[in-house]
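No value in this document is a laboratory result; all are computed from the given coordinates. Note that the structure is predicted; figures quoted are calculated from it, not measured. Neighbour counts are summed over all protein chains in view; Cβ atoms, including those assigned to glycine, are modelled from backbone coordinates with ideal geometry.
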Amino acid sequence: MAGIRIRSDRDGELVSVRALLSHPMETGRRRDTGGATVPAHYIERLTCEHNGRIVLDTAWGTGIARNPLLGFRLKGTAPGDVLRLHWVDNLGTEDAIVHTLP
């Protein structure tokens with residue numbers, strides 16, 4: 001997996017954050033070309049922290065598309081603040097990124 005790519009833009013007091021997560025997000029119901037079921041492999045939990053405080057805490061399942069794009073806006077940030085995005089999937093794999101806000 002290629003990991004997480006994140007971008008943010010400031011517009012006044014709001015910061016728009018966009019993150020692209022590289023993940024197969026398999027439901028466990030798809031079959032491969034040989035007819036065998038592809039095992040489930042999906043993100044279960046995603047959190048975002050702003051300067052150590054959780055601002056986004058989500059529970060995901062099999063209804064999310066492959067390589068999901070997450071977008072949200074934050075208020076009350078300052079340039080140089082730290083944003084940390086972290087996910088865990090159903091197989092125990094984890095990934096995280098730390099991003100400095102503009």
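When the dipole is taken about the Cα centre of region 38-94, and only Lys, Arg (+1) and Asp, Glu (-1) are charged at their Cβ, what size is it in debye, to the nearest 20?
Value, rounded to 20: 220 debye.
Are there any trypsin sites (Lys or Arg not before Pro) in region 1-61 that are in a DSSP loop and have at most 16 other Cβ atoms within 10 Å? List them by number.
ARG29, ARG30
Give, rounded to the nearest 20 debye, the magnitude of the charge dipole that the chain has about its Cα centre when Lys and Arg contribute +1 at Cβ and Asp and Glu contribute -1 at Cβ.
Computed about the Cα centre, the dipole is about 240 debye.
Gain in length, LYS75 to SER22, computed as 0.36 nm per residue apart minus the alpha-carbon separation, to one decimal in nm?
Result for the pair: 16.4 nm of gain on full extension.
What list of ³J(HN,Hα) values in whole Hz, one per residue of region 22-36 in order, does the Karplus curve 6.51 cos²θ - 1.76 cosθ + 1.60 (θ = phi - 60°) give from phi, with Gly and Pro shown as x?
My calculation for region 22-36 gives 7, 7, x, 6, 7, 7, x, 10, 7, 10, 7, 5, x, x, 7 Hz in order.
Place a label point 7 angstrom from the Cα of ARG5 along the Cα-to-Cβ direction, then list the residues of region 74-101 whose backbone nitrogen is under 19 Å away.
85-87, 95-101
How are the alpha carbon pair distances in the chain distributed across 10 Å bins from zero to the largest one, expressed in percent?
14, 44, 26, 11, 4, 0
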